[in-house]
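The values are calculated or read from the model by the stated rules, or taken from the named source; none is laboratory data. Note that the structure is a prediction, hence the values are computed from the model and not measured. No Cβ is skipped: glycine too gets one built from the backbone with ideal geometry, and neighbour counts run over all protein chains shown.
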Amino acid sequence: MENVKTRREFLGIMGVTAASVMLFTATGCGKKCEVCGKKPCECCPVCKKYPCECPEKCPVCNKPLDQCTCPPDPEKCPDCNKPLDQCTCAEVAQILAARCTGCGRCTEQGVCPQNSITKDVANRWPVVNYATCDGCGNCLLHCRDHGWSLNKHEPATKPEPAISLVKKSAAVPPTGVNPNIRVAQIRPKSGLTGCQQCNDRKCVPACQATEYKALTGETYLQYPGVDVSKCFGCGLCIEACRDFGKPQGIELVLKSSL
């Protein structure tokens, strides 16, 4: 009986020892890592630091991203590498403050398919909603056509438009009051040049059909009157005068020069 008891005690001691060995193997010596302060250690096995300071690598070629030569993901923007639905590099309309005369042609109904351009009546700038503008360029083309028909009486080349397309992140709206505001001015009659004071004039009805109604006067052999406080420089009166086949009797001049 004594041998059996001794044997059981021996086996018990061995079992406790085996359990201790397994616990030690699983948890280590019981000390915390001097770098990460955790047990077991969670330091990076490569750089031996916590958190890991290894350079981010390309999942395809396993090279650091600044050394990666893999082609860009077609679903991502090649400039910012963001998904296309998160990219801020898309092109939008940019109003060029040095050229825009505030005529409002680009804000007319139907010019922008997204209705992204509205009119700042107080400061005479077109206002672009960058959240909805998709950079279609319709406003730019309309501005170019407007410049072709109004900026010179007989233009040799088309002038540059007052709108361009830029990356959304680089778009900056103009501020303050537009210094390029132009208004209609009647050119005095001089022989076959200037306003001919025609009877069936079309310039006044063209203006009266707009929201501005700055041009008045239907009397034959009298010059039309221009209310510069209402005139927006849209140029419809000039186009009507030209379409009528008479010498152009209206021009756009800087409002500040009057």
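For this structure, a couple of remarks:
- Within the set Glu218, Glu211, the sole residue that is within 21 Å of Arg105 (Cα to Cα) and free of Cβ contacts under 8 Å to residues at least 24 places away in the same chain turns out to be Glu211.
- Residues in the stretch 167-195 that are in contact with a strand residue (DSSP E or B) (Cβ under 6 Å, 6 or more places away or on another chain) and small (Gly, Ala, Ser): Ala171, Ala184.
- Any chance Pro74 is modelled with pLDDT under 70 and under 30 Å from Gly135 (Cα atoms): yes
Yes or no, residue by residue, for (1) at pLDDT 90 or above; (2) among the aromatic types (Phe, Trp, Tyr); (3) not in a loop (DSSP other than H, G, I, E, B):
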{"residue": "Val166", "(1), (2), (3)": "no, no, yes"}
{"residue": "Pro174", "(1), (2), (3)": "yes, no, no"}
{"residue": "Asp200", "(1), (2), (3)": "no, no, no"}
{"residue": "Pro205", "(1), (2), (3)": "yes, no, yes"}
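To keep it simple, each residue is scored yes or no on (1) crowded, with 17+ Cβ neighbours inside 10 Å; (2) of a type in the set (A, V, I, L, M).
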residue	(1), (2)
Lys167	no, no
Pro205	no, no
Ala209	no, yes
Glu218	no, no
Leu236	yes, yes
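- Across the stretch 213-225, the qualifying residues are those that are modelled with pLDDT of 85 or more and either assigned to a loop (DSSP other than H, G, I, E, B) or closer than 15 Å to Ile181 by Cα (or both), and the one among them that is farthest from the chain's Cα centre (by Cα) is Gln222.
Every residue, every condition in (1) closer than 15 Å to Lys230 by Cα; (2) in contact with a Gly (Cβ under 9 Å, 6 or more places away or on another chain), yes or no:
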site: Pro173; (1), (2): no, no
site: Gly176; (1), (2): no, no
site: Lys189; (1), (2): no, yes
site: Thr193; (1), (2): no, yes
site: Gln208; (1), (2): yes, no
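- Among the residues here, Ala131 qualifies as within 11 Å of the chain's Cα centre (by Cα) and modelled with pLDDT under 90.
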